Amino acid sequence: LRLDIFSDPVCPWCLIGKTHLDRALESRADHPFRIEWHPFQLMPDMPKEGAGHVEYLAAKFGGRERALAMMQNVAKAAKEAGAEMEIEKVTHLPNTLDAHRLIHWAGIEGKQTAMVSRLFRAHWREGEDVGDHATLARLAGDVGMDAAAVARLLATDADADDLRARDEDARK
């Protein structure tokens, strides 16, 4: 059975949900699911260069104190779920279109879930910019993809229009 998941590597609730899903699937090694990850940009209007984490949330949710309180609540929920998150390391929110392109390419190579996991870890535990091309190419290499080929693809607009359209379709 195909299990379609719409997710974004910078969505904390997606990480928490993936943690629950991983635990459930690990408890049933013979599960019938084939997972496919689909693009859903949490912040589709994020500028290409991204934005500061706290600053962006403060502007979106009505002030710095409210943003910090929300981040604390997310960190608490993550801990309760067993999701490894070091929210204080997350200083930058990227535009995730290129991360979604990478997830798509990883799917072609049968490495999609590994790539999604690596992106979550890079953003939420290591505080890396998962919108940066060099970072994305290195992360692709971490899961066994050809980092140089990924870097070449990221330097183009390959599949960008398709991923934008898929993201927009998911929103509808």
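The values are calculated or read from the model by the stated rules, or taken from the named source; none is laboratory data. Nothing here was measured: the structure is a model prediction, and the numbers come from that model. When we count neighbours, we look across all protein chains shown, and the Cβ atoms used for this are built from the backbone with ideal geometry, even at glycine. Areas reflect the complete protein model, heavy atoms only, side chains present, ligands, DNA and RNA absent. Shrake-Rupley method; radii C 1.70, N 1.55, O 1.52, S 1.80 Å.
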For the chain, report the accessible area per residue in Å² (1.4 Å probe, heavy atoms, rounded to an integer).
53
Could you sort out which of Lys89/Lys111; Lys48/Lys111; Lys111/Lys172; Lys89/Lys172; Lys18/Lys172 sit more than 29 Å apart by Cα distance in this structure?
Lys89/Lys172
When the helices in the chain are scored as -39500 (n - 2.57) per DSSP H run of 4 or longer and the sum is shared across all residues, what 222 nm value do you end up with, to the nearest 500 deg cm²/dmol?
-18000 deg cm²/dmol
Spacing of the two label points (7 Å from each Cα toward its C-beta) at Lys172 and Leu21, in nm
2.3
For a quick check: with amide H placed at 1.01 Å from N, whose amide H comes under 5 Å from Ala51's, ignoring anything fewer than 5 positions away on the same chain?
Leu93
Considering only protein heavy atoms and a probe of 1.4 Å, how much of the accessible area of the chain is carbon and sulfur, as a whole percent?
52
